[in-house]
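Below: one structure, written as structure tokens.
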Amino acid sequence: MTVERTLSIIKPDATRRNLTGKINAKFEDAGLKIVAQRRIQLSKAQAEAFYAVHSHRPFFNDLVSFMISGPVVAQVLEGENAVLKNREIMGATDPKKADAGTIRAEFAESIEANSVHGSDAPEAAAQEISFFFAAIDIVA
Ligand code: ATP
Ligand code: MG
């Protein structure tokens, strides 16, 4: 087993409904530790840069508009197999397909406003963590 870190974002639909604590409880109850956390308002350029991998998808402009529609909470989660474990805690992208008990099943409003982001691979996690945090910000 390897201790990993992954980048999580609590999205604007969730911060607007004051769900940060309930979502953080899901991570902590599943054994992930929040080792860095920042609440920020992304600019359009920052959201476009973060989601650059999706720039050719038809939903890109709507996704960027949504991600800057309110504050987000960027966080680093640490634990055994944190990348995959967080994807399990989050549930499927489309909340209608998400397993019961997952964050998206319980809280997401739609396939776009789906409450959380999580890195999808260790390489992506390292790159996404460095987008939001310096090494000195992460305290295990
Ligand atoms: P995330 O990257 O946010 O953790 P994900 O990996 O489950 O989510 P991706 O395929 O990477 O899903 O899509 C990134 C985000 O783009 C989704 O979380 C969602 O907000 C939005 N999105 C994905 N597919 C659609 C779609 N068909 N229509 C609208 N928005 C979408
Ligand atoms: Mg993704």
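Annotations
- Of all residues in the range 36-48, one or more are in contact with a Ser or Thr (Cβ under 9 Å, 6 or more places away or on another chain) and within 16 Å of ligand 2 (Cβ to nearest atom).
- The residues of the range 85-121 that are in contact with an Asp or Glu (Cβ under 6 Å, 6 or more places away or on another chain) and of a type outside the set (G, A, S), listed by number, are E109, I111.
- So N24, is it modelled with pLDDT of 95 or more, closer than 20 Å to I138 by Cα and not in a loop (DSSP other than H, G, I, E, B): yes
- Of the residues in the range 50-59, at least one is surrounded by 15 or more Cβ atoms within 10 Å (Cβ to Cβ) and either farther than 16 Å from N114 by Cβ or of a type in the set (F, W, Y) (or both).
- Looking across the range 1-50, the residues that are in contact (Cβ under 8 Å) with a residue 60 or more places away in the chain and among the basic types (K, R) come down to R5, K11, R17, K22, K26, K33, R38.
- Residue in the range 55-73 that is farther than 22 Å from I129 by Cβ, within 10 Å of ligand 1 (Cβ to nearest atom) and touching a His at 6+ places or on another chain (Cβ under 7 Å) present: yes
- A14, sole failed condition from (1) assigned to a helix (DSSP H, G or I); (2) within 21 Å of F133 (Cβ to Cβ); (3) more than 12 Å from ligand 1 (Cβ to nearest atom): (3)
- Residue in the range 90-118 that is farthest from T2 (Cα to Cα), counting only those that are surrounded by fewer than 22 Cβ atoms within 10 Å (Cβ to Cβ) and in contact with a Leu (Cβ under 8 Å, 6 or more places away or on another chain): E112
- Scanning the range 27-41 for residues that are of a type outside the set (A, V, I, L, M) and either crowded, with 19+ Cβ neighbours inside 10 Å or part of a loop (DSSP other than H, G, I, E, B) (or both) yields a total of 3.
The values are calculated or read from the model by the stated rules, or taken from the named source; none is laboratory data. Please read these numbers as outputs of a predicted model, since none were measured by experiment. So basically every Cβ, Gly included, is an ideal-geometry build from the backbone, and we count neighbours across all protein chains shown.
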